[in-house]
Amino acid sequence: SGLSVTIVEKNYARCQELCAMLPGVAIIHGDCSDPELLESEGLSHFDALVTLTGEDEVNMIISLFGSSRNVPQVITKLSHVGNRSVIDSLSLGSVVSPREMVCSNIVRYVRAMQNQTGAAVSVHSIADGQVEAMEFLVDESVRDCGIPLKLLKPKANVLIASITHGSTTEIPNGDSVFHKGDVVVVVTNGRESIRQLNDIFA
């Protein structure tokens, strides 16, 4: 009972290329937005559906159809996320935006190059780009280890959202502390220049 993968491709030449590249995958020549085709291929029994066409509208329609057929895991690629609140209200499953992923990787790389020691491990843009969530690994460059947060003064519009000690994650309060090896998630409005964990404190 190995993994079974089916790809629906409208372009016949591309189908031939995929057949040569992926001999163990079922390549279907057809219109992936055709509900009858999807039903005939057993969509209702799929464990997952990933929409990767070049058209956001088509991806959304296919994902909505997959959700209506109770596919357990739906992943939708959207090049233009637009109004996130509207997107989140639709049954699109997990939404992946290549543009946001590229921007996040660029920001993370630039910050790492600016200050390799203590730079953010990951940076995520949320709430239509109005908020950034940054993940930091506490290392030897981080000051104020072991000092309760209530004795520290974070900059305005900066929130320490969580502290992970090994396998345990806590929502911090005034008595919380971080130590070397911990992972700290910081949320900010993006207006402050934060390159390392030390930058969150005034």
Point to revise | Failed item, numbered, when ILE75 is tested on (1) at pLDDT below 85; (2) not in a helix (DSSP H, G or I) | key: (1)
Check your understanding: In the stretch 13-35, what residues are hydrophobic (A, V, I, L, M, F, W, C) and either open to solvent by 60 Å² or more (accessible area, probe 1.4 Å) or outside any helix (DSSP H, G or I) (or both)?
Key -> CYS19, ALA20, MET21, LEU22, VAL25, ALA26, ILE27, ILE28, CYS32
Practice item. Collect the residues in the stretch 139-165 that are open to solvent by 50 Å² or more (accessible area, probe 1.4 Å), modelled with pLDDT under 90 and not charged (D, E, K, R), keeping them in residue-number order. Key: PRO154, ALA156, ASN157, LEU159
Exercise for review: For the stretch 36-51, name all the residues that are loosely packed, with under 14 Cβ neighbours inside 10 Å and not small (Gly, Ala, Ser).
Suggested key: GLU36, GLU39, HIS45, ASP47
Practice item. Check whether at least one residue in the stretch 4-17 is of a type in the set (A, V, I, L, M, F, W, C), without any contact (Cβ under 8 Å) to a residue 12 or more places away in the chain and either out of contact with any Leu (no Cβ under 9 Å at 6 or more places or on another chain) or within 21 Å of LEU92 (Cβ to Cβ) (or both), and report yes or no. Key: yes
**Study point:** Number of the exception - LYS10 against (1) under 23 Å from the mean Cα position of the chain (by Cα); (2) surrounded by 12 or more Cβ atoms within 10 Å (Cβ to Cβ)
**Key:** (1)
Point to revise | the stretch 178-199 residues that are under 18 Å from CYS145 (Cβ atoms) and modelled with pLDDT under 90, paired with ones that are open to solvent by 40 Å² or more (accessible area, probe 1.4 Å) and part of a loop (DSSP other than H, G, I, E, B) (beta carbon under 6 Å, 6 or more apart) | key: GLN196/ASN115; ASN198/ARG143
**Study point:** The listed residue being crowded, with 18+ Cβ neighbours inside 10 Å and either within 30 Å of ARG195 (Cβ to Cβ) or at pLDDT below 85 (or both), out of ARG84, ARG99, ARG108
**Key:** ARG108
Check your understanding: In this structure, does VAL187 turn out to be more than 14 Å from VAL121 (Cβ to Cβ) and in contact with a helix residue (DSSP H, G or I) (Cβ under 6 Å, 6 or more places away or on another chain)?
Key -> no
Point to revise | the stretch 111-138: number of residues that are open to solvent by less than 50 Å² (accessible area, probe 1.4 Å), touching a Ser or Thr at 6+ places or on another chain (Cβ under 7 Å) and at pLDDT below 65 | key: 1
Practice item. Looking at (1) open to solvent by 60 Å² or more (accessible area, probe 1.4 Å); (2) of a type in the set (S, T, N, Q); (3) in a helix (DSSP H, G or I), find the lone condition where SER91 falls short. Key: (3)
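The values are calculated or read from the model by the stated rules, or taken from the named source; none is laboratory data. As the structure is a prediction and not an experimental result, all values here were calculated from the model. Here the Cβ is made from the backbone with ideal geometry for all residues, glycine too, and neighbour counts use every protein chain on show. Protein only, heavy atoms only, side chains kept; ligands, DNA and RNA dropped before computing areas. Shrake-Rupley method; radii C 1.70, N 1.55, O 1.52, S 1.80 Å.
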